[in-house]
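A.B. asks: Below is the structure I would like to discuss, written out as structure tokens.
Read-outs: derived from the displayed coordinates by stated rules, not from any lab. Please read all numbers here as calculations on a predicted model, not as lab measurements. Neighbour counts are summed over all protein chains in view; Cβ atoms, including those assigned to glycine, are modelled from backbone coordinates with ideal geometry.
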Amino acid sequence: MNFKSCKKTFNRIDDQKKAAVLSTAMNEFAENGFNSANINIIAEKSNVSVGAMYKYFDSKRALYLTCVEWAMMHLNEKIEAVIKEHDDFMTIFEGIIRTVQKYAGENEAFTKLYYEMATESNAEYAMLISSQVEGVTSNLYAAYLSKAKADKQIRQDIDPRFFAFFIDNL
């Protein structure tokens, strides 16, 4: 698993260590918000030195964005599995919605992190993260809806991008 928001050194460590750092960081951000989250605490709880954390990430912001990338990567994998598993539009549509709901319930830290971000006064992060999060699911929905339209499983007058936006905001 490789990420865009971190330094190359983080992408070179083993996936288990990455998961430990990101899981710990996500919990810290979810519990304390971005501004109060502490890199030293994340490092200690992850069994990583503070120096290593700064070799992995340019800033707390980069760590935060990498956490979001990690969570979205997992959600994306689950949604893609639903799409590959079925052929029927309604079955896939229902499966995607249930998958997103289940993911939100099973990944409380990510859900808290997302809501914390959306409610904090940092508009820059709110716009950046919400567009990243919603972009992943919206793009998947649009791609699937385009395929369903081509396969004549949905009405031909439906605009896949618009309908994807609607679904993403349910």
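A.B. asks: Considering every Cα-Cα pair within the chain, what fraction, in whole percent, is farther apart than 21 Å?
C.D. replies: Roughly 51 percent, once rounded to a whole number.
A.B. asks: Oh, and also: From the cross-link list K18/K55; K84/K152; K78/K152; K78/K147, which pairs have alpha carbons spaced over 20 Å apart?
C.D. replies: Distance filter (> 20 Å) returns K78/K152.
A.B. asks: Still on this structure, please answer the following. State which stretch of the chain is the longest one without any exposed trypsin sites (Lys or Arg not before Pro), exposure meaning a DSSP loop state and at most 13 other Cβ atoms within 10 Å.
C.D. replies: After excluding every exposed loop site, the longest remaining stretch is 5-151.
A.B. asks: On to the next question. If you place +1 on the Cβ of every Lys and Arg and -1 on the Cβ of every Asp and Glu, how big does the dipole about the Cα centre of the chain come out, in debye to the nearest 20?
C.D. replies: 540
A.B. asks: From largest to smallest, what semi-axes in whole angstrom does segment 1-75 give when each is the square root of 5 times an eigenvalue of its alpha carbon gyration tensor?
C.D. replies: After diagonalising the Cα gyration tensor, the semi-axes are 16, 14, 11 Å.
A.B. asks: For a quick check, take a GNM of the chain with Cα springs below 10 Å and name the residue from M73, M90, M53 with the largest mean-square fluctuation.
C.D. replies: Of M73, M90, M53, the Gaussian network model singles out M90 as fluctuating most.
A.B. asks: Something else now. Counting only complete DSSP H runs, which helices of the chain cover 30 Å or more along their long axis at the Cα atoms and score a mean Kyte-Doolittle of -0.5 or above?
C.D. replies: Helix filter hits for the chain: 60-85, 123-150.
A.B. asks: May I pose another question? Can you tell me the length gained on complete extension of the stretch F166 to K4, counting 0.36 nm per residue apart and subtracting the Cα distance?
C.D. replies: 55.5 nm
A.B. asks: If I take R0 = 25 Å and measure r between the Cβ atoms of T111 and R155 in this structure, what FRET efficiency does the formula 1/(1 + (r/R0)^6) give, to the nearest 0.05?
C.D. replies: The calculated FRET efficiency here is 0.15.
A.B. asks: In whole Å, what three semi-axes, largest first, describe the equivalent ellipsoid of segment 45-84 built from its Cα gyration tensor (square root of 5 times each eigenvalue)?
C.D. replies: 29, 11, 6
A.B. asks: Let me ask you something else. Give me P(r) over segment 1-45, computed from all C-alpha to C-alpha distances, binned every 5 Å, as integer percentages.
C.D. replies: Per 5 Å bin, starting at zero, the Cα-Cα P(r) for segment 1-45 comes out as 5, 23, 27, 24, 17, 5 percent.
A.B. asks: Next up: Can you show me the helix-derived [θ] at 222 nm for the chain, built from DSSP H runs with n ≥ 4 at -39,500 (n - 2.57) apiece and divided by the number of residues, rounded to the nearest 500.
C.D. replies: -26000 deg cm²/dmol
A.B. asks: Another question, then. Length gain on complete extension for the stretch M73 to D87, per 0.36 nm per residue less the alpha carbon to alpha carbon distance?
C.D. replies: Going from the current span to full extension adds 2.7 nm.
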